[in-house]
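Written out below as structure tokens is the structure these notes cover.
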């Protein structure tokens with residue numbers, strides 16, 4: 001498990017992931033990620049998939065710094081689920 005990356009999916013969700021599974025399952029899951037800081041429980045499962053694929057294709061160290069900073073901010077504000 002890494003610090004930043006897509007949240008791990010449950011085995012029962014594999015069928016729902018569809019063809020995006022090839023992309024998403026090749027990366028190490030993270031403790032926090034793009035989906036977690038950009039909507040989390042206010043999004044649909046399909047939106048979660050889009051956000052995870054977006055993160056994988058647009059990964060950069062700067063994006064990880066942004067995600068970590070936003071995770072800290074959400075934690076301090078108490079907006080987490």
Go through the stretch 49-62 and give me each residue that's free of Cβ contacts under 8 Å to residues at least 40 places away in the same chain and in contact with a helix residue (DSSP H, G or I) (Cβ under 7 Å, 6 or more places away or on another chain).
49, 51, 53, 54
Residue 67 meets each of (1) in contact with a strand residue (DSSP E or B) (Cβ under 8 Å, 6 or more places away or on another chain); (2) at pLDDT below 95; (3) surrounded by 13 or more Cβ atoms within 10 Å (Cβ to Cβ) with one exception, condition (2)
For residues in the stretch 14-31 being in contact with a strand residue (DSSP E or B) (Cβ under 6 Å, 6 or more places away or on another chain) and not in a loop (DSSP other than H, G, I, E, B), which is nearest to residue 57 (Cα to Cα)?
30
Quickly run through the stretch 26-46 and pick out the residues that are more than 11 Å from residue 5 (Cα to Cα), surrounded by 13 or more Cβ atoms within 10 Å (Cβ to Cβ) and in contact with a helix residue (DSSP H, G or I) (Cβ under 8 Å, 6 or more places away or on another chain).
37, 38, 39, 43
What are the pairs, 6+ residues apart or on separate chains, where a residue within the stretch 1-30 that is free of Cβ contacts under 8 Å to residues at least 12 places away in the same chain has its Cβ under 7 Å from a residue that is surrounded by 15 or more Cβ atoms within 10 Å (Cβ to Cβ) and not in a loop (DSSP other than H, G, I, E, B)?
14/21
Can you tell me how many residues in the stretch 1-13 are under 15 Å from residue 46 (Cβ atoms) and touching a helix residue (DSSP H, G or I) at 6+ places or on another chain (Cβ under 6 Å)?
1
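The values are calculated or read from the model by the stated rules, or taken from the named source; none is laboratory data. Because the structure is predicted, anything quoted here is derived from the model rather than measured. Neighbour counts are summed over all protein chains in view; Cβ atoms, including those assigned to glycine, are modelled from backbone coordinates with ideal geometry.
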